[in-house]
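Encoded as structure tokens, here's the structure I'll be asking about.
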Amino acid sequence: MPRPIEARIHSDALAHNLARARAAAPDAKVWAVVKANAYGHGIERVFEGLRGADGFALLDLAEAERLRACGWRGPVLLLEGAFEPRDLELCSRLNLWHVVHCSQQIDWLAAHKTQQPQRVFLKLNSGMNRLGFAPAAYRSAWARLNALPQVDEISLMTHFSDADAPLENSRGIAHQMAVFEATTHDLPGERSLANSAAILRHRMRSDWVRAGIMSYGSAPDFPAHAIAHWDLRPTMTLRSRLIATQPLQAGDTVGYGSSFSAEAPMRIGIVACGYADGYPRHCGTGTPVLVNGVRTRTLGRVSMDMLAVDLTPTPEAAIGSEVTLWGRGPRGSLLAIDEVAHAAGTIGYELMCALAQRVPVRVEVG
Ligand SMILES: *Cc1c(COP(=O)(O)O)cnc(C)c1O
């Protein structure tokens, strides 16, 4: 028998979450953001659930090829654009739209030989200082692109640094919105502004919104809001089983470093899941976990292949009992990945992206 750990990808939840993006941005076209191998889910595995999107946004050219191989003929956007001149050949061949964020990319376009003019998204650095043209350089970049025979439509784009931050103690997005407006107000072309947090929290209107994390059933602003608040559903379940149980006496300790010590007699379970599966080692005692669908907590340090859980709330649990590390548990139980991420001092994004290769994955259609 293989080791009992597995991950499941829920197509129905992907479709549901995408519909939530549509409902929150009713006039917009929706990019399903599938970078980082669809946030660790697998491009091919999410394709069915997300094929109702208006387009797919990602940044790795090999992933764009895989998406085309799924049969997708609609828009595909490269969020970081070309990394070198020959990437533009693939853009021509696969009809990929691409971000232009620096003048070198315009040079490459000007030198690119193509029959088919390319659609580009010109990125404004409105304050995040990652990618994009400074406001003072943006309009001349637009004019340069507009004069190139290699360029078809030019869309306008920016990215917010604080759309997920608590509204009362951040600059929020107003400052970046104002920079975007001032720089682009009289330029033609479609606009693409919002990530998940901006879609949900700021009800951002733009021609194209970019739904990443919300599509995967993680709240962009946890713990201020949980997925239930946004009506999002987990799209990835990581589950395993108990492979041992241990009775503890008061004073007994658990695992490496003996960081947990029992105060009274109790029963614990050992789960076939560890950091080599992508479960975060930074989760200390008290991280939520489901055993037979009942909420309990982890105990002690996570090791490479195992972790320990408190069986106090589930006295019936035994070897073979089902353990849900995150996602959907039995009988309608749920554990949001955000809660586990929070306990590890990180965000849902990182956990789903880090699901390890060795974990077998199944797509659940229903
Ligand atoms: C990743 C990314 C997104 C999606 O962000 P989420 O927070 O996951 O919704 C949107 N736009 C750009 C430019 C990105 O890189």
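Using just the helices of the chain, give the 222 nm mean residue ellipticity in deg cm²/dmol: DSSP H runs with n ≥ 4 each add -39,500 (n - 2.57), and the total is spread over all residues, rounded to 500.
-7500 deg cm²/dmol
Can you tell me how the stretch 11-218 classifies by the Cα gyration tensor, rounded, prolate or oblate, using a/c under 1.5 as the rounded cut?
oblate
Any aspartates and glutamates with Cα under 13 Å of the Lys29 Cα? List them, leaving off those in the same chain fewer than 8 positions away.
Cα-Cα hits under 13 Å: Asp54, Glu190, Asp207.
Same structure, new question: How many Å² of accessible area per residue for the chain, probe 1.4 Å?
43 Å²
Further question on the same structure: How do the peptides 48-55, 69-76, 106-113, 305-312 rank, highest first, by the average count of neighbouring beta carbon atoms within 10 Å per residue?
Put in order of decreasing packing, that is 305-312, 48-55, 106-113, 69-76.
For the chain, which whole percent of the accessible surface, found with a 1.4 angstrom probe, sits on carbon and sulfur atoms?
The computed percentage sits at 52.
Arg68: net charge of surrounding residues, Cβ under 12 Å, Lys/Arg +1, Asp/Glu -1, itself excluded?
So the environment of Arg68 carries a net charge of 0.
The values are calculated or read from the model by the stated rules, or taken from the named source; none is laboratory data. Predicted model only: the values in this text are computed from it and were never measured. For neighbour counting, all protein chains shown are included, and Cβ atoms are generated from backbone atoms with ideal geometry for every residue, glycine included. Side chains are part of the model used for accessible areas, which takes the heavy atoms of the whole protein and leaves out ligands, DNA and RNA. Shrake-Rupley method; radii C 1.70, N 1.55, O 1.52, S 1.80 Å.
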